[in-house]
Amino acid sequence: MKADLTKVRQLKVGNAVVTDQLFVITDLNALKNIEGVPVPGMVGFETFRRFVTRIDYGAKTISLIDPAKFDPKDAGTPVPFVLNGRIPEVHGSFEGIPAMFDIDTGSRSALTVNGPFAKKHDVVAKHPGGFTTVTGWGVGGPATGYMLRAASVTLGDVAIHGIVTDVNDQKSGAFAGNEYSGNVGGGILKRFVVTFDYHDKVMYLK
């Protein structure tokens, strides 16, 4: 996919203002037929890292909080993270197996398990009642995987049960590597009010 770069003088998200930001320009028209709505652009890490960013899926709001005014007292259970490039990555477990998960707010899936992790721990063999299907679609086309329901997943000290899980079967790309175990998306995150404190590298789940 062809992409160009430009510098934008000012971006407003609600009442929050970010200035002199480098933007990627690319054609997102292909996503309209997939998402069912136009996708004129995406706002991500470079904007959100400047704030404490809270996503309330139930209220359908994103709050961009001045870090100096953020009080974590009522934010929920803290889950420390490191940055995998620009993506928060947390320690957790998959059915009792220690794991590292990327936190992907742009994914509609609940959990995608990387192929090497699944192979190492015989995940597919332990879930014979699953099936293979198209699990998503992006600018690169369809993605397929083996669908199952995991007994439990933990993110830090937070346990979630009965998670619909996609075992990715890509032979190349991020999901085919050993750098991390899987990808947590909106299917899990929407169960919580999620707050990202990028400065202190803590995600809160309430």
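The values are calculated or read from the model by the stated rules, or taken from the named source; none is laboratory data. Bear in mind that the values here come from a model prediction, so they are computed numbers and not experimental data. A quick note on method: Cβ atoms are made from the backbone with ideal geometry, for glycine too, and the neighbour counts reach across all protein chains shown. Remember, those area values only see protein heavy atoms, side chains included, never the ligands or the DNA or RNA. Shrake-Rupley method; radii C 1.70, N 1.55, O 1.52, S 1.80 Å.
Summary table
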{"quantity": "HN-Hα J in Hz across segment 98-111 - Karplus 6.51, -1.76, 1.60, θ = phi - 60°, x for Gly and Pro", "calculated": "x, 8, 10, 10, 6, 9, 10, 5, x, 9, 7, 5, 7, 8"}
{"quantity": "Out-of-range pairs (alpha-carbon distance over 25 Å; input K12/K206; K60/K126; K69/K201)", "calculated": "K12/K206; K60/K126"}
{"quantity": "Positive-end residue of V82, Y57, A68, charge dipole of segment 47-100 with Cβ unit charges", "calculated": "A68"}
{"quantity": "Size of charge dipole - the chain - debye, nearest 20, with Cβ of Lys, Arg +1 and Asp, Glu -1, no other charges", "calculated": "300 debye"}
{"quantity": "Percent accessible area from carbon and sulfur atoms, segment 1-120, protein chains only, probe 1.4 Å", "calculated": "54 percent"}
{"quantity": "For segment 6-102, accessible area per residue (1.4 Å probe, heavy atoms of protein chains only), Å²", "calculated": "64 Å²"}
{"quantity": "Calculated P(r) over Cα pairs in 5 Å bins from 0, in percent (choose from (i) 1, 8, 15, 19, 19, 14, 10, 6, 4, 2, 1, 1, 0, 0; (ii) 1, 7, 15, 19, 21, 19, 12, 4, 1, 0, 0; (iii) 1, 6, 14, 18, 18, 17, 13, 8, 3, 1, 0), label", "calculated": "(iii)"}
{"quantity": "Selection from G36, L155, P116, by position along the positive dipole direction of the chain (Cβ)", "calculated": "G36"}
{"quantity": "Residue-span extension gain [T133 to A159] - 0.36 nm each, minus C-alpha spacing", "calculated": "6.7 nm"}
